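What follows is a single structure, written as structure tokens, with notes after it.
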Amino acid sequence: MRSTHRADLHVHTINSDGAHTAQELIDRSAKSLCLLSFCDHDTFGAYSSDLVLPKTMRLLPGIEMSCQVGDSDLHMLAYFPKGLSDEILSWGKLLETDRKERVLNGVSQLRESGIPLLWKDFEAETGSSVPCRSHVARALIRGGLCDSAGQAFRQWLRLGIFRRPQITAEEAFQQVHELDGLTYWAHPQADQIKTHGERLIKAGLDGVESLYKNLGTPHRKVAREFQETHELGACGGSDLHRESPRLKIGQFAVDTRRLDARL
């Protein structure tokens, strides 16, 4: 499969809640993609190692940020086409620290509420990764406290137990722009666009992940209309966390000619 014009700007690594290393994702998608971005949750950890890129592939530094937007917590993507400076990495550490603190606090809250979640089960799932609620879900399954991640989220992992991210979308957008980056709304749902769209436009949103693999048809239509109405850029990707029989590494791609030219 030719890699010309094929990009995936949203994949996760073992540095957050993905199952594959950054180098593994590069190596296994090199023949099918020309542009790749790791957008781990509140961490640039995937970019800290000495990655080997083939000549046919470019790596676009990115991150998936958890931000307060009014009464909601939404995910925003930030990309840095000029590369990652020490200042950007230092700022990323602040996001990373906040995520660690709120997930660890959430685990403590679960334990204090009477749920016998063992720290050793949580640590076995997290390893050296920046923790996510999905790690907590896996730990609950490991401990025999539930049967599936879906059950864990419905029954135990209420957002009220985990404190909100400290950063607001307005603060995040301002910081990203000061660092020569661009901001995009990750996998926006139609109801979220109706409720928060105008606020995010005023905050300085640069684009929308309207080319997202898992965005259902009604949501995709609303996202594209929102993007076009406000003359925003487009981005998109697979949001791959782990390879499955239905989605192989490098299989899903967006035509680069449909992406925001600034990327």
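Is it the case that the stretch 9-29 has a residue that's at pLDDT 95 or above, touching a strand residue (DSSP E or B) at 6+ places or on another chain (Cβ under 6 Å) and in a strand (DSSP E or B)? Yes - at least one qualifying residue is present in the stretch 9-29. A single entry from Leu94, Leu104 fulfils the requirement of being more than 30 Å from Leu35 (Cβ to Cβ) and modelled with pLDDT of 95 or more: Leu104. If only residues of the stretch 222-246 that are outside any loop (DSSP other than H, G, I, E, B) and free of Cβ contacts under 8 Å to residues at least 12 places away in the same chain are counted, the one that is farthest from Ala19 (Cα to Cα) is Thr229. Condition (residue is in contact (Cβ under 8 Å) with a residue 24 or more places away in the chain, surrounded by 14 or more Cβ atoms within 10 Å (Cβ to Cβ), assigned to a helix (DSSP H, G or I) and touching a helix residue (DSSP H, G or I) at 6+ places or on another chain (Cβ under 8 Å)) applied to the stretch 115-125: is it met by at least one residue? No - not one qualifying residue is present in the stretch 115-125. Any residue at all in the stretch 58-77 that is in contact with a helix residue (DSSP H, G or I) (Cβ under 6 Å, 6 or more places away or on another chain), of a type in the set (A, V, I, L, M, F, W, C) and part of a helix (DSSP H, G or I)? No, because not a single residue in the stretch 58-77 is in contact with a helix residue (DSSP H, G or I) (Cβ under 6 Å, 6 or more places away or on another chain), of a type in the set (A, V, I, L, M, F, W, C) and part of a helix (DSSP H, G or I). Of the residues making up the stretch 252-263, just one is in a loop (DSSP other than H, G, I, E, B), surrounded by fewer than 17 Cβ atoms within 10 Å (Cβ to Cβ) and of a type outside the set (Lys, Arg), namely Ala261.
The listed residues are Asp180, Asp147, and the only one of them that is in a loop (DSSP other than H, G, I, E, B), out of contact with any strand residue (DSSP E or B) (no Cβ under 8 Å at 6 or more places or on another chain), free of Cβ contacts under 8 Å to residues at least 60 places away in the same chain and surrounded by fewer than 16 Cβ atoms within 10 Å (Cβ to Cβ) turns out to be Asp147. Given the criteria assigned to a helix (DSSP H, G or I), at pLDDT 95 or above and out of contact with any Cys (no Cβ under 9 Å at 6 or more places or on another chain), does Val136 qualify? No.
Here Val222, Val208 are screened, and the one residue that is among the aliphatic types (A, V, I, L, M) and closer than 20 Å to Pro81 by Cβ is Val208.
Can you find a residue in the stretch 212-225 that is among the hydrophobic types (A, V, I, L, M, F, W, C) and under 17 Å from the mean Cα position of the chain (by Cα)? Yes, the stretch 212-225 contains a residue that is among the hydrophobic types (A, V, I, L, M, F, W, C) and under 17 Å from the mean Cα position of the chain (by Cα).
The values are calculated or read from the model by the stated rules, or taken from the named source; none is laboratory data. All of these numbers come straight from a predicted model, not from anything done at the bench. Positions of Cβ are backbone-derived with ideal geometry, glycine not excepted, and every protein chain shown enters the neighbour counts.
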